[in-house]
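Here's the structure, in structure tokens; my notes come after.
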């Protein structure tokens, strides 16, 4: 068996990384965003530990995407026929990328929190209560989490299509509720409601959701967001 030289090993490793970068659109997006975030970290003069955490988080996203690509290629190599287990394996590996990406979003959010406007004047929950941006972030995350949890428990639909409740309706009406609480413009609130209604309607017409599922999603977005705003602003 031919033994690889150290130079060959590095070349093969670089070629593997470049292959994923060239062939996977998501990897290119992760690479651009990761590079931009690291540059921002340097620009804002983050501490050594913060930069290490940032680099580690970005690297985890890259690794997850590369392993996901490797798993997909192995499955395609083994079989070219549809198999339920093959689909599940691919979904699990893609889910690992999603978890790593969400973790990166939260880490970046926490690390750069102090560089947002007025962050130096207020801290902790007191600061969050006065910032619609953070309340919006928390609301959308919890609404999306509740939708996914409901679909898992009920065993119906996919995260972005079908099942109870409608995720699109929940998120769109969550955004409308945020505008209702924080915007002084009645025109803006009305336009956001109109867009939320159109999004909800667009899920019924092609048959992705029933009217009941869309109404349930709208109520989830409206109700949960209202509760979050109420408890964070009292």
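Quick notes
- Computed over the stretch 6-115, relative contact order equals 29 percent, with contacts defined as Cα pairs under 8 Å that lie 6+ residues apart.
- FRET efficiency, 1/(1 + (r/R0)^6) with R0 35 Å, evaluated for residue 102 and residue 78 via beta carbons: 0.75
- Residue list for the stretch 133-147, given a label point 7 angstrom along the Cα-to-Cβ vector of residue 182 and an amide N cut-off under 18 Å: 133-145
- Listed peptides 199-208, 65-74 appear in the order 65-74, 199-208 once ranked by packing, highest mean of other Cβ atoms within 10 Å at the front.
- Across the stretch 6-115, Cα-Cα pairs farther apart than 20 Å form 50% of the total.
- Chain lengthening between residue 149 and residue 15 when straightened (0.36 nm per residue, less Cα-Cα): 44.3 nm
- When 195, 39 are sorted by how many other C-beta atoms sit within 10 angstrom of their C-beta, beginning with the fewest, the order is 39, 195.
- Taken along the Cα-to-beta-carbon direction at a fixed 7 Å, the label points for residue 49 and residue 194 span 5.2 nm.
- Euclidean distance between Cα centres, the stretch 12-63 to the stretch 163-234, Å: 34 Å
Values quoted throughout were computed directly from the atomic coordinates according to the rules given, and no laboratory measurement underlies them. Predicted model, so just to flag it, every value in this text is computed and none were measured. So basically every Cβ, Gly included, is an ideal-geometry build from the backbone, and we count neighbours across all protein chains shown.
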